[in-house]
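Throughout, read-outs are computed from the coordinates displayed, never taken from laboratory work. What you are looking at is a predicted structure, and each value in this text was computed from that prediction instead of being measured. Cβ atoms come from the backbone with ideal geometry, glycine included; neighbour counts cover every protein chain shown.
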Amino acid sequence: MATANTRVGLIGLAVMGKNLALNIADHGFDIAVFNRTTSVTDEFIKENPITPGKLIGCQSLREFVAAIARPRVVVVLVKAGPAVDSIVQQLIEAGLDAEDIVVDAGNSLWTDTIRREKEYAGKIKFFGSGVSGGELGARFGPSLMPGGDPASWKHLEPIWKAIAAKVDAKTGQPIPGAEPGKPVQGGVPCTAYLGPNGAGHYVKMVHNGIEYVDMQLISEAYFLLRSLLGLKPDELSAIFSDWNRTELDSYLIEITADVLRQRDPRNKRKFLVDVIVDAAGQKGTGKWTASNALDMGIPANSIAEAVFARCMSAIKGERLIASKKLRGPTIKKLRAGTAVIEAIRQALYCSKICAYAQGFQLMREAQKEYNWKLDFGTIASIWRGGCIIRARFLQKITDAYQINPQLVNLLMDPYFRKEIRNGQDDWRKVITLAVQQGIPAPAFMSALAYYDAYRSAVLPANLIQAQRDYFGAHTYERLDSPSGEFFHVDWPAANRPELKV
Ligand code: 2AM
């Protein structure tokens, strides 16, 4: 039986849990670990006999709770949903008390985190934290998005700051060099306290919503390059590598270049991308973001579009049938000149700015709804390293919110205004080409629609208001009367005098 002296405990030894535990141990923290299937714990301990901080494998939750120094910090990495509640209940039964902190580091819905914090108050302190960076991030430095009560954060903070990805304070560039057992020295950690209750999980959700658009936009750029220019995957890989030396420098562009040059392990003459079924899966965080945007009435149309694009891809069987029946223009190949490639790059870049603008607009609204005080500069800064959307571009967003913390929309920031001014002719040309040639580019298009609508002083919603008043007496406001004064016209009577009795 272990003595109560490990600094922290972790439950759930799937890939993310194992890697996070090793990352924590790498930084010298003794850690107790537990997994429902105990053979997994045994294997894990056997595979990792020597770590800078001790790994203590526990066979029961009682043993696990007894192994951790008080106040106990227990990181939970089980499947989001009922498993989290089940584990918390079991931990309480196994001896956790009101001073102990349970950190849900899974992809939980932020409203569940709000509920759990209330529900378990007085029994344990429930704390939520988003974790992004995939398996490698968890192992060598993720971006961590904590939310909960500030007193609990004080206990978690040293661990979270130690294990998070590090970036250079000035340039925001990730500091490389982490290896097993050799944590990164120096730099600023990609984690910061974001706010109470569900704030961390909410920010993580929006991160994922943005990630959906980022991936969709890159796929559309790939598809346009391929369809219009007839380039092969390895040629496309070289283009993405070039782009990775521009403003688009990011993890997702980098892995795209890697993916596109990967050969099929079954047949080296083929590229792997060409044998992968074009039907995207999803686990729900993009959908949560889009449906939350609908609930709050915030136009995050590119985020929704990216989710729908995955849904469209998933009905592959229907698309195969439709492709034989529904006609469109025949694609005329263009000469692969640098101008077209640069135009597509600009379209991707401008669309990406709009996607981030939407994500931050969502967070602005959510903070009103939930009474949080989110610091958008800090959020952008902790996304600079470790997470899937990490990018050089996030330094520019950090700067934008540091210059003006009250920035209403990222599109209004002088730097981003200039970037879109420079890129928008190309952006429009690429979308025109896509339309003329019948190549789907829904996220490019929805981002441009967002941009054009956002910069419109006048939209056709006057007509919508008139229609609503016509059929449902929903009333309308007038431009020449104070706001809040509502009018109604007896439309049938005004237009169809013969209906008057
Ligand atoms: P397992 O190895 O026993 O399946 C990801 O699924 C991780 O969450 C795994 O470590 C898994 O444990 C754990 N997990 C899933 N559901 C759980 C539950 N209801 N209780 C405890 N652990 C659970």
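Listed values, structure above:
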| read-out | value |
| --- | --- |
| DSSP bridge pairs, the chain: antiparallel proportion in percent, nearest 5 | 40 |
| Around VAL167: net Lys/Arg minus Asp/Glu count, Cβ-Cβ under 10 Å | +3 |
| Under-5 Å amide H pairs with VAL8, H placed in peptide plane, nonlocal only | ALA32, ALA69 |
| Calculated log₁₀ intensity ratio I(q)/I(0) where the Debye formula runs over C-alpha points of the chain, q = 0.09, 0.11 Å⁻¹ | -0.72, -0.99 |
| Size of charge dipole - segment 124-213 - debye, nearest 20, with Cβ of Lys, Arg +1 and Asp, Glu -1, no other charges | 160 |
| Cβ-based net charge around VAL430, under 13 Å, with every Lys or Arg adding one and every Asp or Glu removing one | -1 |
| Added length on full extension, which subtracts the Cα-Cα distance from 0.36 nm per residue, THR246 to VAL435 | 65.4 nm |
| DSSP loop GluC sites (Glu not before Pro) with at most 16 other Cβ within 10 Å: longest gap in the chain | 100-476 |
| For segment 51-157, size of Cβ-based charge dipole, Lys and Arg +1, Asp and Glu -1, in debye | 160 |
| Alpha-carbon centroid distance for the pair segment 159-177 / segment 18-39, whole angstrom | 22 |
| For the chain, calculated [θ]222 nm from helices alone, where every DSSP H run of n ≥ 4 adds -39500 (n - 2.57) | -17000 deg cm²/dmol |
| Test item: Cα-centred dipole of the chain, Lys/Arg +1 and Asp/Glu -1 on Cβ, debye | 1360 |
| Counted charge near PHE416, where neighbours are those whose Cβ lies closer than 15 Å (Asp, Glu -1; Lys, Arg +1) | +3 |
| Where labels lie 7 Å past Cα in the beta-carbon direction, separation of ASP168 and SER323 in nm | 4.5 |
